[in-house]
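The values are calculated or read from the model by the stated rules, or taken from the named source; none is laboratory data. Here the structure is a predicted model, which means the values were calculated and not measured. Counting neighbours? That spans all protein chains shown, and the Cβs are built from the backbone with ideal geometry, glycine included. Protein only, heavy atoms only, side chains kept; ligands, DNA and RNA dropped before computing areas. Shrake-Rupley method; radii C 1.70, N 1.55, O 1.52, S 1.80 Å.
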Amino acid sequence: MEHTDHILIVDDDLEIRELLASYLEKQGMRASTAANGRQMRALMEQHQFDLVILDLMLPGEDGLTLCRDLRAGKWRALPILMLTARDEETDRVVGLEMGADDYLTKPFAVRELFARIRSVLRRARMLPPNFEVKEPGQFLAFGDWRLDTVGRHLLDAEGTMVALSGAEYRLLRVFLDHPQRVLSRDQLLNLTQGRDADLFDRSIDLLVSRLRQRLRDDAREPRYLKTLRSEGYVFSCAVEVADGQA
């Protein structure tokens with residue numbers, strides 16, 4: 001049976017919710033709507049969604065808070081497209097740093113939104129089917145390091161904290177979720193950048209270099225991140241999932 005994408009629309013504007021739901025259903029998708037974070041969580045416990053459209057300016061918990069919580073919990077792999085009423089670079093950057101996969105500024109054309117949804121879903125499905133994401137624990141342990149998935153920082157063997165940028169965290173999570181797997185630059189770009197990436201962009205190499213510095217990994221004899229010529233990168237260290245620091 002062919003899969004029908006199920007989209008969750010979270011917006012406090014009833015007219016926008018109904019407009020988007022009607023349009024997406026006409027395009028062959030399923031759509032559910034929520035006016036706030038409480039309704040969003042209730043629906044997510046009841047249904048399996050393929051993508052969330054999340055408004056930035058929500059009453060109570062705003063979109064940034066909800067996006068951060070989703071990325072820290074069991075729905076962390078769910079694609080998020082964020083809507084913002086303000087065309088300010090700060091809003092867009094913060095949204096992407098919180099883990100949104102894309103953003104769109106209001107007012108927008110529904111056809112453009114639909115194109116963005118399809119693009120985000122396509123990027124999210126780039127990994128082969130056998131790439132299974134681990135169940136989230138607060139800590140991911142590897143080598144001399146632990147990654148705090150709630151605080152989004154590294155802890156070395158002595159417990160010293162090493163801060164990570166949003167891009168560094170997302171890249172490290174991809175590697176930790178798929179250890180011993182060869183990941184191409186194209187896959188890494190699309191999994192870590194919020195918008196369609198230029199597949200000739202070498203920025204992923206710079207990001208890997210920055211991550212190696214954080215991990216104190218020698219590029220000439222790497223322990224964690226190994227480069228495979230003409231193929232990409234592989235995280236070569238075993239990863240363990242834990243719920244606490246012990």
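Overview of results
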{"quantity": "Residue within the range 55-68 that is at pLDDT below 90 and either assigned by the TED database to the domain that holds Leu172 or within 26 Å of His3 (Cβ to Cβ) (or both) present", "calculated": "yes"}
{"quantity": "Hits in the range 1-11 (condition: closer than 17 Å to Met44 by Cα and either in contact with a helix residue (DSSP H, G or I) (Cβ under 8 Å, 6 or more places away or on another chain) or at pLDDT below 95 (or both))", "calculated": "Thr4, Asp5, Ile7, Leu8, Ile9, Val10, Asp11"}
{"quantity": "Some residue of the range 172-194 being at pLDDT below 85 and assigned to a loop (DSSP other than H, G, I, E, B)", "calculated": "yes"}
{"quantity": "Candidate set from the range 1-11 (those that are open to solvent by less than 80 Å² (accessible area, probe 1.4 Å) and not in a strand (DSSP E or B)); member that is farthest from Phe49 (Cα to Cα)", "calculated": "Asp11"}
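Residues checked against (1) touching a residue at least 12 places away in the same chain (Cβ under 8 Å); (2) in a loop (DSSP other than H, G, I, E, B); (3) assigned by the TED database to the domain that holds Asp148; (4) touching a Pro at 6+ places or on another chain (Cβ under 6 Å):
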residue: Ser22; (1), (2), (3), (4): no, no, no, no
residue: Ala42; (1), (2), (3), (4): no, no, no, no
residue: Gln48; (1), (2), (3), (4): yes, yes, no, no
residue: Ile53; (1), (2), (3), (4): yes, no, no, no
residue: Leu70; (1), (2), (3), (4): yes, no, no, no
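Quick grid of which residues meet (1) assigned by the TED database to the domain that holds Leu228; (2) open to solvent by 30 Å² or more (accessible area, probe 1.4 Å); (3) not small (Gly, Ala, Ser):
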{"residue": "Asp148", "(1), (2), (3)": "yes, no, yes"}
{"residue": "His153", "(1), (2), (3)": "yes, yes, yes"}
{"residue": "Glu158", "(1), (2), (3)": "yes, yes, yes"}
{"residue": "Ala167", "(1), (2), (3)": "yes, no, no"}
{"residue": "Val182", "(1), (2), (3)": "yes, yes, yes"}
